[in-house]
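Report on one structure; see the data block that follows.
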Number of protein chains: 2
Amino acid sequence: MENNRSVVVSTRIRLARNVSTVPFLQNMDEKAARDVIDNVYDAIGKGYELIELKNISAVDKQILVEQHLISPDLLKSKWGALILNKERTISIMLNEEDHIRMQCILPGLAFSEAYAKIDELDKKIESMLKYAYDSQFGYLTACPTNVGTGMRASVMMHLPALTMQGRMTDVIRALSKFGLTVRGLYGEGSEALGNMYQLSNQVTLGVSEKEIINTIDNSALHLANMEADTAKAIYAKNKIETEDRLYRSYGIFKNAHKLDSKEMMSLLSDIWLAVSLGLLSGITYDELYELMIKAQPAAILKKAGGEINILERDYIRAKMVREATKDITYS
Amino acid sequence: MENNRSVVVSTRIRLARNVSTVPFLQNMDEKAARDVIDNVYDAIGKGYELIELKNISAVDKQILVEQHLISPDLLKSKWGALILNKERTISIMLNEEDHIRMQCILPGLAFSEAYAKIDELDKKIESMLKYAYDSQFGYLTACPTNVGTGMRASVMMHLPALTMQGRMTDVIRALSKFGLTVRGLYGEGSEALGNMYQLSNQVTLGVSEKEIINTIDNSALHLANMEADTAKAIYAKNKIETEDRLYRSYGIFKNAHKLDSKEMMSLLSDIWLAVSLGLLSGITYDELYELMIKAQPAAILKKAGGEINILERDYIRAKMVREATKDITYS
């Protein structure tokens, strides 16, 4: 399992649910939206924080998107709200496309743990609210692609070696045969910045939760091994070139005084690969991923505490990166 | 004076002389060539090393060229030889284009000291050998461009800021009005790799040694100030961009695992500039220049001790650079 941590960043399970007594979002009024927020917040009990999006700044909203705690779609909702646990492993979006979209996100490959947590939460809410459910179709959702289990299971994977070898097109084609789809760091249509890919199920109807999870769990494991083997093979075949490339990235990462988001992602991916190949040490994969998220544009803007231009933003990002990577050394 | 050291690398004075009793090189036989070597070596006294080029390897010959101790032309001579003092500040080429070409090379801007040394040597040889001399023209040389003083005075200057601003074309044009010419690191036709330029006099006839030296000394001083002012102005105007560029070069220099000669020169020029702007410390200009010469192709080949391919050569160079720059730190 430890071995996968170099490739599998995080596991996420998301359930889409709707309250049977409330119209779907497009036909909803403010009173109904209010009820969804209050009823779900009451149902889940203590230890959670409620954030109503209309009460926070545009930058804070964007940061929640960067942290994968809400979808960009929630920003479009007039009555969007978010419930978070302290560790931020559980987040519940309210009044997004569906009334309720709850997710559990955990580090590494951890489907059974994530499913246990989200299932517990789901049952807790269901005990207080009546879900829109059809005995033939399963859970009913705003968009037909979610009808059935209403479940989206996904893994975030770092695949630099397969990308470098131009093998991702084949990988994506192969995975689609198992009903799996591959997206970039920030979902559909987003680029695979930093060689980060999200692997998730496409189908929710006619398959059980267990089947979906098994398929994606096995595929992620297989892909993680493929990636690790490919990385080792590239290194064994091109030792000097690989060390040159990765150590140069390290040198730039630790010394740049301005870094745009795209370059930061690309260098961070190289550092990550270097750690996984045993060339660098002094930082964990979790710390690298945290840095990746902390150095996204909105988070930088927030840190600056006011209006900044692009040069200032890239300067702050570089400073943050230098600080976060100061303990990394040659292994 | 100290201030110039960031710009003026070295001062060189070279005198071309021929022995009146021996035919010029194109009409010379082995016996005459032998006489030149033996007579000059006898004349200069103890403490010098004599190297006959036919006795050393092609790599060793090329290293002497890289070190500016001989010209590439000496390699074409059948009877070429070299006399060196221990410090290698004095080198005397024998049977190159002229019978005798003696040079003194010193660090920094040091024309009076260099002239004193070379003049002493010249007088010592002249006291034992009769030079080809014409009362109207002065010293006679194989090529008419050297007739007169037979003297070539030059300074090696590091001019990154003027180069960056695209001002070297104007500088070269202005200097030519004073009878000065500008070449790259390895003489005529060579590129200004590492932003290194050699400034030297074009005219040897109808001017005195003192006039030549005054002109080039003043020009070098003026140019050194211009370069230093330009570098400071660029930095003041573009602080973040300049630090970003120079610190990135530092990061690459200290971490690259392969470096070709051209990139090495370019990075070394950035490190040099960073030291002169007070951004980096822990290495002297002399050490940087020494590294530049030590990391040239033939010197690397010699260090490898046998046949190597390009990748191996660039790997050894990068290793040498990492070793030589390990004490450099942010100021």
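Just a few scattered comments:
- Qualifying residue in region A:124-142 (condition: within 24 Å of A:LEU288 (Cβ to Cβ) and surrounded by fewer than 20 Cβ atoms within 10 Å (Cβ to Cβ)): no
- B:ARG5 fulfils the conditions (1) free of Cβ contacts under 8 Å to residues at least 40 places away in the same chain; (2) open to solvent by 20 Å² or more (accessible area, probe 1.4 Å); (3) in contact with a Gly (Cβ under 9 Å, 6 or more places away or on another chain) except for a single criterion, (1).
- Residues located in region A:232-264, provided they are closer than 19 Å to A:LEU193 by Cα, more than 7 Å from every other protein chain (Cβ to nearest Cβ) and touching a residue at least 40 places away in the same chain (Cβ under 8 Å): A:PHE253, A:LEU259, A:ASP260, A:SER261, A:LYS262, A:MET264
- Here is the figure for region B:267-291: residues that are away from chain A (no Cβ under 11 Å), out of contact with any Asp or Glu (no Cβ under 7 Å at 6 or more places or on another chain), of a type outside the set (Phe, Trp, Tyr) and surrounded by 18 or more Cβ atoms within 10 Å (Cβ to Cβ) total 10.
- Selection of region B:104-118 for residues being open to solvent by less than 40 Å² (accessible area, probe 1.4 Å) and out of contact with any helix residue (DSSP H, G or I) (no Cβ under 7 Å at 6 or more places or on another chain) yields B:ILE105, B:ALA110, B:ALA114, B:ILE118.
- So B:LEU50, is it in contact with a Gly (Cβ under 7 Å, 6 or more places away or on another chain) and in a strand (DSSP E or B): no
- Candidates in region A:1-19 are the residues that are modelled with pLDDT of 95 or more and of a type in the set (Lys, Arg); of these, the one that is nearest to A:GLU287 (Cα to Cα) is A:ARG12.
- Residue within region A:76-94 that is in a helix (DSSP H, G or I), modelled with pLDDT under 95 and assigned by TED's automatic domain parsing to the domain that holds A:LEU140 present: yes
- Pairs linking a residue in region A:314-325 that is within 12 Å of chain B (Cβ to nearest Cβ) and under 13 Å from A:LYS262 (Cβ atoms) to a residue that is β-branched (Val, Ile, Thr) and open to solvent by 10 Å² or more (accessible area, probe 1.4 Å), with Cβ atoms under 9 Å and 6 or more positions apart or on different chains, are A:ASP314/B:ILE240.
- Among all residues of region A:238-251, there is at least one that is at pLDDT 95 or above, of a type in the set (Lys, Arg), open to solvent by 20 Å² or more (accessible area, probe 1.4 Å) and in contact with a helix residue (DSSP H, G or I) (Cβ under 6 Å, 6 or more places away or on another chain).
- Meets criteria (open to solvent by less than 30 Å² (accessible area, probe 1.4 Å), in the same structural domain as B:ASN27 (by TED's automatic domain parsing) and farther than 28 Å from B:LYS76 by Cβ) for B:ALA161: yes
- Of all positions in region B:100-119, at least one carries a residue that is over 24 Å from B:SER219 (Cβ atoms) and modelled with pLDDT of 95 or more.
- Out of A:LEU199, A:LEU193, A:LEU259, A:LEU185, one residue alone is within 30 Å of B:ASN238 (Cα to Cα), of a type outside the set (Asp, Glu) and assigned by TED's automatic domain parsing to the domain that holds A:HIS68. It is A:LEU193.
- Within region B:300-313, tally of residues that are closer than 21 Å to B:GLN67 by Cβ and in contact with a helix residue (DSSP H, G or I) (Cβ under 9 Å, 6 or more places away or on another chain): 7
- Region B:71-95, subset among the hydrophobic types (A, V, I, L, M, F, W, C) and without any contact (Cβ under 8 Å) to a residue 24 or more places away in the chain, residue least open to solvent (accessible area, probe 1.4 Å): B:LEU74
- Qualifying residue in region B:293-314 (condition: assigned to a helix (DSSP H, G or I), open to solvent by less than 60 Å² (accessible area, probe 1.4 Å) and touching a Gly at 6+ places or on another chain (Cβ under 6 Å)): no
The values are calculated or read from the model by the stated rules, or taken from the named source; none is laboratory data. Not measured: the values here are computed from a predicted model. Quick reminder, even Gly has a Cβ in these numbers, built from the backbone with ideal geometry, and neighbours come from all protein chains shown. Ligands, DNA and RNA are stripped out before the accessible areas are found, and what is left, the full protein with its side chains, is counted by its heavy atoms. Shrake-Rupley method; radii C 1.70, N 1.55, O 1.52, S 1.80 Å.
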